[in-house]
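Participant: Input: one structure, supplied below.
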Amino acid sequence: MARPASQHPTDGELEILRVLWNRGPSPLGDVCESLRRGRDVATTTVATMLRVMLDKGLVRRKREGRGYRWSAVVTHAAAAESMVAKLVDGIFDGSAQRLVAHLVQGGQLSADELAELRTLIGSSANNISRKVAKARRE
C-alpha cells in the first residue's frame, strides 16, 4: 500500500524551491537551466516534479505564452520551520533541546555560531522574563 504524500518537500523539491527562491518566478526552462548547473536533469522530470509540488501547495503557476511561470508559495522560512519540526519530532522525540545538544556536542557549530547561539538564548531569556513580569503586574 502506498504511503500518503508528505506535505514536506523532498530533497529534489527543495532544489527546485531554492531556484525559485533565488530567481523568483521562472519558466520551466530557466528552472531546468539552474538545476543543470549542479547535475543533469531531464525537463520532463522537472515538469513532473513541479506538477506534484503544485498539488502539494508548494508552488503556483501562471500561464505565460505557451507555458507557465512557476513561483514558490512556501517561503524559505516556512519550509525550514516545517522541516525542523519534523526532524525534532521524528529524531529527537519532540525535544529541540536534544537537537541543539546534538549540534553542540557533535562539534558541528563554529565558535562564531556558538557565540550567536548564546546571544539568542540570552535575548530569548530576557524577553520571557519581561513577559512574565508584565503578566504579574496585570
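Rule-based calculations on the coordinates, nothing more; no lab input. Computed from a predicted structure; not experimentally measured. Positions of Cβ are generated from backbone atoms using ideal geometry, with glycine treated the same way; all protein chains shown enter the neighbour counts.
Participant: Is it fair to say V88 is surrounded by 13 or more Cβ atoms within 10 Å (Cβ to Cβ) and among the hydrophobic types (A, V, I, L, M, F, W, C)?
Facilitator: Numbers: surrounded by 13 or more Cβ atoms within 10 Å (Cβ to Cβ): yes; among the hydrophobic types (A, V, I, L, M, F, W, C): yes.
The answer is yes for V88.
Participant: Also, I was wondering about something else. List pairs: first in segment 103-114 and farther than 18 Å from V84 by Cβ, second assigned to a helix (DSSP H, G or I), Cβ under 9 Å, 6+ apart or cross-chain?
Facilitator: Close Cβ pairs satisfying both conditions: L114/V104.
Participant: Name the helices (runs of 4 or more DSSP H) wholly within segment 1-76 that hold at least 3 residues that are under 14 Å from the mean Cα position of the chain (by Cα)?
Facilitator: Numbers: elements: 11-23, 28-35, 43-56.
Ranges flagged: 11-23.
Participant: Any residue in segment 51-72 that is out of contact with any Ser or Thr (no Cβ under 8 Å at 6 or more places or on another chain), more than 30 Å from G94 (Cβ to Cβ), among the hydrophobic types (A, V, I, L, M, F, W, C) and surrounded by fewer than 18 Cβ atoms within 10 Å (Cβ to Cβ)?
Facilitator: Scanning segment 51-72, I find at least one residue that is out of contact with any Ser or Thr (no Cβ under 8 Å at 6 or more places or on another chain), more than 30 Å from G94 (Cβ to Cβ), among the hydrophobic types (A, V, I, L, M, F, W, C) and surrounded by fewer than 18 Cβ atoms within 10 Å (Cβ to Cβ), so the answer is yes.
Participant: Turning to a different aspect of this structure: Please specify each residue of segment 45-73 satisfying the condition of being over 18 Å from D11 (Cβ atoms) and either in contact (Cβ under 8 Å) with a residue 60 or more places away in the chain or of a type in the set (S, T, N, Q) (or both).
Facilitator: Hit for segment 45-73 is S71, nothing else.
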